Amino acid sequence: MADLNDPARLAELHHVLLRADADALLDACVARAAELAGAPIALVSLVIRHIQLFRAHRGLPPELCVSCATSRSNSFCQLVVRDEAPLVVNDALHDARVPTELVEQYGIRAYAGVPLRVRGHVVGSLCVIDSAPRDFGQHVVEGLAQLAAEVVARIEAIEGDAPPPRLAAEERLARLEQTARSLQTALGAIASVLAGAQSAAATLTEAPPAALSPDDLRAAVGCYRDMVAIVEELTEDAAALARTSPAEAAAEIALATRSLARDLVEAAPLVRLAEGVLQGTLDEGAAARAALVVRDAFEAHETASAAVRRIIAGVERARAEVS
């Protein structure tokens, strides 16, 4: 049984998570999976710490198309990753293995998923989903496994080129600290908006969601987008520092920045929902329903804040080591 939070498993997801653009090959694989199974929904799902992220999808409800994620704790795909084996559910209403929330919220009745194994670690699944109970049959599982090999090859090919060292260690440490402190301020600025969204989602079953200020949402979305760009630079600087600096803390800084980058990816579904409300493509009720399903993404804000604190502490240790 695999550890879903194994750092080595999560590390294999780093490069593919930083790519948010549509991928033609992955899109073609989910289209072929849906056709193979005669199913309305097919997904390439990557299982992270708090959410499962849909890296490619076909046939999702509108709000899940926007968020491109659900909470890991409510996912079927977590079981594929945990057991490192295919999972077939003929009728979710009568299968004690699966979480009930997605069944109730979106009427999922049948599921077939196979592991995506990247360099020895299962990072997610290729799956098909139906709203009616059914037996997919062994030929579907075997066909999905063949398609999964194509998906894995594509994931392994998505690698970023490491930038060459450009700064001295002292300069890089100064820039890392300045950037990390800016991120710490930005994370604090959006905390109240996230708390309001979480409160709206939590009360969805009891009352209509409370309206969130468009200005607050717009500011939070802008702040998030700025942070994503900053963290990309931060990750590059930290990786270069780890390659060139003898300080042991440099490796810790690099690990913390990679963790921070994943945390922002996990918070991204909430940002996409906020953008949907601002753009008028989602009403607040639909956004709150989806936010309820991805509620574990709220935890990414806390772990991101913790990662920033580790970066700042690591910079202080690295300075002491190289001085």
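The values are calculated or read from the model by the stated rules, or taken from the named source; none is laboratory data. Worth saying up front: this structure is predicted, and the values here are computed from it rather than measured. Cβ atoms come from the backbone with ideal geometry, glycine included; neighbour counts cover every protein chain shown. Surface accessibility is based on the protein's heavy atoms, side chains included, excluding ligands, DNA and RNA. Shrake-Rupley method; radii C 1.70, N 1.55, O 1.52, S 1.80 Å.
From the set of residues in region 151-187 that are more than 20 Å from G314 (Cα to Cα), out of contact with any Lys or Arg (no Cβ under 9 Å at 6 or more places or on another chain) and part of a helix (DSSP H, G or I), which is modelled with the lowest pLDDT?
A157
Quick check: is even one residue across region 29-48 more than 29 Å from Q138 (Cβ to Cβ) and in contact with a Lys or Arg (Cβ under 7 Å, 6 or more places away or on another chain)?
yes
Please enumerate the residues belonging to region 117-136 that are under 16 Å from L10 (Cβ atoms) and part of a strand (DSSP E or B).
R117, V118, H121, V122, V123, G124, S125
Have a look at E299, E275, E233 and point out the one that is open to solvent by 40 Å² or more (accessible area, probe 1.4 Å), touching a residue at least 40 places away in the same chain (Cβ under 8 Å), farther than 19 Å from A189 by Cα and not aromatic (F, W, Y).
E233
Filter region 265-287 for residues that are touching an Asp or Glu at 6+ places or on another chain (Cβ under 9 Å) and assigned to a helix (DSSP H, G or I) and give the result.
Listed by number, the residues that qualify are E266, L273, G276, V277, A286, A287.
For region 1-69, list the helices (runs of 4 or more DSSP H) that sit wholly inside it and hold at least 3 residues that are surrounded by fewer than 20 Cβ atoms within 10 Å (Cβ to Cβ), in contact (Cβ under 8 Å) with a residue 60 or more places away in the chain and in contact with a helix residue (DSSP H, G or I) (Cβ under 7 Å, 6 or more places away or on another chain); which are they?
24-37
Can you confirm whether E206 is within 23 Å of V315 (Cβ to Cβ) and either modelled with pLDDT under 75 or assigned to a helix (DSSP H, G or I) (or both)?
Answer is no for this residue.
Can you say whether A112 is outside any helix (DSSP H, G or I) and open to solvent by 10 Å² or more (accessible area, probe 1.4 Å), as far as the supplied structure shows?
no
Is it fair to say A96 is closer than 16 Å to I155 by Cβ and without any contact (Cβ under 8 Å) to a residue 40 or more places away in the chain?
The answer is no for A96.
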